[in-house]
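See below for the structure under consideration.
The values are calculated or read from the model by the stated rules, or taken from the named source; none is laboratory data. Note that the coordinates shown come from a computational prediction; the quantities given were computed from them, not determined experimentally. Methodologically, a virtual Cβ is constructed for each residue, glycine included, from the backbone with ideal geometry; neighbour enumeration extends over all protein chains shown.
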Amino acid sequence: MNISDQTEFDAIVVGSGISGGYAAMELCTKGYKTLVLERGRMVNHGDYPTAEKDIWDLPYQNRVPRKEIEKHYKKQNRLAWWVRQDNKHWVNKDDEYPYDEDVRFDWIRGHHVGGRSLMWGRHCYRFSDIDFEANKKEGVAIDWPIRYADIEPWYDYVETFVGISGQAEGLKQVPDGKFLKPFPLNCAEQHLRESVAEKFPERVVTPGRVANLTEYDPEVHKGHRGRCVARNRCWRGCPFGAYFSSQSATLPVAEETGNLTIRPHSIVKEIVYDADTGKATGVRLIDAETREELEISARIIFCNASTVGTTAILLNSRSETFPYGLGNKSGELGHNMMDHHYGMGATGILYDLEDSYYSGRKPVGFYIPRFTNIDEETKRDDYLRGFGYQGNARRINNVPEGVIGQDLKDVVFQPGAWHIGMTCFGELLPYHENRMYLNFNKTDQYGIPIITFDAKLRENEEKLREHGVQCAVEMLEAAGCVNITSSNDATAVGACIHEMGTARMGHDPDTSVLNRWNQMHEVPNVFVSDGSCMTSAGTQNPSITYMTLTARAVDFAHNQVVDGKL
Amino acid sequence: MNRREMLKYTALLTGGAVSTSFASVFLSGCSRPEDVSELHFFDPDQFELVALLADTILPRTDSPSATDVNVHYTIDSMIGLVFDIDFKNNFREQWAELERHLAGHNFRQLDQPDQVELLRELELNRNSETENARLAYMELKQQTIAYYLTTEEIGKEHLNYLPVPGDYEPCISVDDVDNRAWAI
């Protein structure tokens, strides 16, 4: 990828993560000379330093020592499973990336080319009209300006390229997509599926739908892709290119067009607005290495800096026309912060199927799509919306109670009992009061105002959580598990790494920032198609929807250019 | 696993065809193994007891003992350097109780079968007086087994080590893998 001093492009994409990479690919493919700006360092496909390490090659059992955590990762390490030896090269150091919180907010991120597309969970579920219609039906926040039919063909388009393994189930709450063959349920997971189906027909235990190639077609899966070899080390970066990331897929395809320029270490400070034309002229950025400030212009700007990053840039883009942030006459910019909330679920032991085992380490377990409030029969009086589960079954170490010495040596190399666990992910409603804002009285080392968070779970979420935990226990009981333990420790907003909603789409410029094409109502050549565009959160892992909206938005922008409107 | 081994396994999987572009992505340094030359939590006398406990739990048979693969050093560094302060402080108190309990029964002087029996009793006969000692012991037992099974020697020589599985098979019989657990 070129790094140049050029200061004029057809298009600028701010951010190189899952949606930024997609925007770049689509723009480059359509012939736009495109500059991708990334605030972090360069990462090329293959720069995955821990990819081949086994547990014994990683110091401290893959854990990070306390002193290092204290020094660099106190906030990032609030997620007990997050900062590890094998992935910390992707994790931002708190001391280099400060933020403030009125209420605890776990902003989990990694700034480098590829962003979180390198370490994402890879689950991909389509939104449905149950999601797109919910706000309007319930009188919550504002109506989505799109419906499933608007984006269904774009889901098809994106999923085909991304490569999603999954099983068609015909469920209205998570419509089937263009699936490659699934990673099948193992024996215990299949047992769970059948036991749950018998007792709770509306609850479906299905193989997780993930962006890992179970089948590889070089004509379709372009870039540096390859078939998944079941190592389950995705978050370290995959040398096989078996899961979808900006590095493995979108950026190499963009690069091949000859239209891509990528500029790492480029911290976008603001988008520059021209009141005369009513459009943005480009962006102002700080080179993180030289501290030099420079302006780069383009005809079209795609803001894909992640929900929080994008929103901060827009809030900091102040002008006479937009004193409270670019395109923010509605006053909604920074508000309606959503995420999914978890820290709830259940685990149990299954003393059965002792003769069954599995071979290989699939990078996913099972998924249980939302099953409450999806129709009249499943309507709840105590909360709105719903929750889904991710989980898996595996055989744990064989350590019988009270057995040690020679007796333990006789059995310790054998597979132990089946352990089934599931984590519940709940929808968080779009509350205007849940927000992020900039503290203009305090700046970071680049002179950029400090991002401050003020968002929390409320009563609807608490009610939903109780039911989510109860249903998890019921399902494990149905499967015949014993030693069932459940947990309900509410996570802070941000902890699910699905933060979204702070520059939402809507019908009306008075109540929303973006129109139905992810275009700013008030600044027509600026598009936002990362998580900040979301009008509600659903229960689905959102990345595939961001990519879908991005591809659709680029197509729209292109048509506008062709029609002479942009 | 080093780069050479990785390529070897991948070559086996793909029938020998490994593209140069694939080979070129394995260009990374090695992480240094943790320093086991000094103690981070236990004093030398306590550490001797930890080693004895670890080898009572997993003695040397036709496979290595816990200390043969340095499990005791891992326990010391994990508690001393890795786990959070609350855990460390809590464990320190429980450990003191365990030390007292074992000293009260002359654990170090017992024959191995009696050592095994004493620990079995501590685990299985729960009562409030020995509860803290039991918790410390259970913690050590759990760590001993977990670290033992994640050493290179045990993983490669005594468990099923399959670094690049290639395919995922959801249901096989344990007999297909000689009733041995997967190493990773």
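Given the condition without any contact (Cβ under 8 Å) to a residue 40 or more places away in the chain, aliphatic (A, V, I, L, M) and more than 30 Å from A:Ser512 (Cα to Cα), answer yes or no: does some residue in segment A:170-178 qualify?
no
Please go through segment A:390-428 and pick out each residue that is of a type in the set (Phe, Trp, Tyr) and either assigned to a loop (DSSP other than H, G, I, E, B) or surrounded by fewer than 18 Cβ atoms within 10 Å (Cβ to Cβ) (or both).
If the condition is that a residue be of a type in the set (Phe, Trp, Tyr) and either assigned to a loop (DSSP other than H, G, I, E, B) or surrounded by fewer than 18 Cβ atoms within 10 Å (Cβ to Cβ) (or both), then A:Phe413 is the only one that fits.
Can you say whether A:Thr502 is within 30 Å of A:Ile286 (Cα to Cα), of a type in the set (S, T, N, Q) and not in a strand (DSSP E or B), as far as the supplied structure shows?
yes
A:Met500 is checked against (1) more than 25 Å from the chain's Cα centre (by Cα); (2) crowded, with 23+ Cβ neighbours inside 10 Å and fails just one. What number does that condition carry?
Failing condition for A:Met500: (1).
Mind listing whichever residues of segment A:62-91 are in a loop (DSSP other than H, G, I, E, B), without any contact (Cβ under 8 Å) to a residue 12 or more places away in the chain and within 7 Å of chain B (Cβ to nearest Cβ)?
Scanning segment A:62-91 gives a single hit, A:Pro65.
Test of understanding: among A:Pro218, A:Pro207, which residue is within 13 Å of chain B (Cβ to nearest Cβ), closer than 24 Å to A:Pro363 by Cα, free of Cβ contacts under 8 Å to residues at least 24 places away in the same chain and not basic (Lys, Arg)?
Matching residue, one of A:Pro218, A:Pro207: A:Pro218.
If we scan segment A:456-464, do we find a residue that is in a strand (DSSP E or B), surrounded by fewer than 19 Cβ atoms within 10 Å (Cβ to Cβ), away from chain B (no Cβ under 14 Å) and more than 22 Å from the chain's Cα centre (by Cα)?
no
Out of A:Ile368, A:Ile374, A:Ile396, A:Ile349, report the one residue that is of a type in the set (Val, Ile, Thr), farther than 21 Å from A:Ala479 by Cβ and modelled with pLDDT of 95 or more.
Testing whether each residue is of a type in the set (Val, Ile, Thr), farther than 21 Å from A:Ala479 by Cβ and modelled with pLDDT of 95 or more leaves just A:Ile374.
Go through the residues of segment A:435-451 one by one and say whether even a single one is crowded, with 19+ Cβ neighbours inside 10 Å, in the same structural domain as A:Glu289 (by TED's automatic domain parsing), out of contact with any Leu (no Cβ under 6 Å at 6 or more places or on another chain) and of a type in the set (Phe, Trp, Tyr).
Yes, some residue in segment A:435-451 is crowded, with 19+ Cβ neighbours inside 10 Å, in the same structural domain as A:Glu289 (by TED's automatic domain parsing), out of contact with any Leu (no Cβ under 6 Å at 6 or more places or on another chain) and of a type in the set (Phe, Trp, Tyr).
Before we move on, is B:Phe83 under 12 Å from B:Phe42 (Cβ atoms), modelled with pLDDT of 95 or more and within 20 Å of the chain's Cα centre (by Cα)?
no
Out of the strands (runs of 3 or more DSSP E) lying entirely within segment A:214-301, which hold 1 or more residues that are in contact with an Asp or Glu (Cβ under 8 Å, 6 or more places away or on another chain) and polar (S, T, N, Q)?
A:266-274, A:279-287
Within segment B:138-184, track down each residue that is more than 7 Å from chain A (Cβ to nearest Cβ) and among the acidic types (Asp, Glu).
B:Glu139, B:Glu153, B:Glu157, B:Asp175, B:Asp176, B:Asp178
A quick yes/no check of all residues on (1) touching a strand residue (DSSP E or B) at 6+ places or on another chain (Cβ under 6 Å); (2) under 15 Å from A:Val526 (Cα atoms):
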{"site": "A:Ile286", "(1), (2)": "yes, no"}
{"site": "A:Thr290", "(1), (2)": "no, no"}
{"site": "A:Glu293", "(1), (2)": "yes, no"}
{"site": "A:Ser297", "(1), (2)": "yes, yes"}
{"site": "A:Ile300", "(1), (2)": "yes, yes"}
{"site": "A:Ala305", "(1), (2)": "yes, yes"}
{"site": "A:Ser319", "(1), (2)": "yes, no"}
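Any residue at all in segment A:12-31 that's more than 11 Å from chain B (Cβ to nearest Cβ) and at positive phi?
yes
For segment A:367-407, enumerate the residues that are under 29 Å from A:Val140 (Cβ atoms) and either acidic (Asp, Glu) or within 12 Å of another protein chain (Cβ to nearest Cβ) (or both).
Those that are under 29 Å from A:Val140 (Cβ atoms) and either acidic (Asp, Glu) or within 12 Å of another protein chain (Cβ to nearest Cβ) (or both): A:Asp375, A:Glu376, A:Glu377, A:Asp381, A:Asp382.
Conditions: (1) crowded, with 19+ Cβ neighbours inside 10 Å; (2) away from chain B (no Cβ under 11 Å); (3) at negative phi. A:Arg122 meets all but one. Number of the miss?
Checking A:Arg122 against (1) crowded, with 19+ Cβ neighbours inside 10 Å; (2) away from chain B (no Cβ under 11 Å); (3) at negative phi, the one that fails is (3).
Quick check on segment A:25-61: of everything there that is surrounded by fewer than 19 Cβ atoms within 10 Å (Cβ to Cβ) and either of a type in the set (S, T, N, Q) or under 24 Å from the mean Cα position of the chain (by Cα) (or both), which residue is nearest to B:His40 (Cα to Cα)?
Ranking the candidates gives A:Gln61 first.
Which of the following residues is among the hydrophobic types (A, V, I, L, M, F, W, C), buried (at least 24 other Cβ atoms within 10 Å of the Cβ) and assigned by TED's automatic domain parsing to the domain that holds A:Asp10: A:Ala298, A:Ala280, A:Ala275?
A:Ala280
Quick check: is even one residue across segment A:329-345 free of Cβ contacts under 8 Å to residues at least 12 places away in the same chain and more than 16 Å from A:Ile420 (Cβ to Cβ)?
yes
Any idea how many residues of segment B:57-67 are more than 9 Å from every other protein chain (Cβ to nearest Cβ) and either within 17 Å of A:Asn398 (Cβ to Cβ) or touching a residue at least 60 places away in the same chain (Cβ under 8 Å) (or both)?
Selection size over segment B:57-67: 2.
Please pick out the residue among A:Thr485, A:Thr511 that is assigned to a strand (DSSP E or B) and not aliphatic (A, V, I, L, M).
Only one candidate passes the filter, namely A:Thr485.
Mind counting the residues in segment B:104-153 that are on the phi < 0 side of the Ramachandran plot and part of a loop (DSSP other than H, G, I, E, B)?
8
Is segment A:36-45 home to any residue that is in contact (Cβ under 8 Å) with a residue 40 or more places away in the chain, part of a loop (DSSP other than H, G, I, E, B) and of a type in the set (S, T, N, Q)?
The answer is yes; a qualifying residue exists.
Against the conditions (1) under 24 Å from A:Ile286 (Cα atoms); (2) within 14 Å of chain B (Cβ to nearest Cβ), where does A:Pro59 fall short? Just the number, please.
(1)
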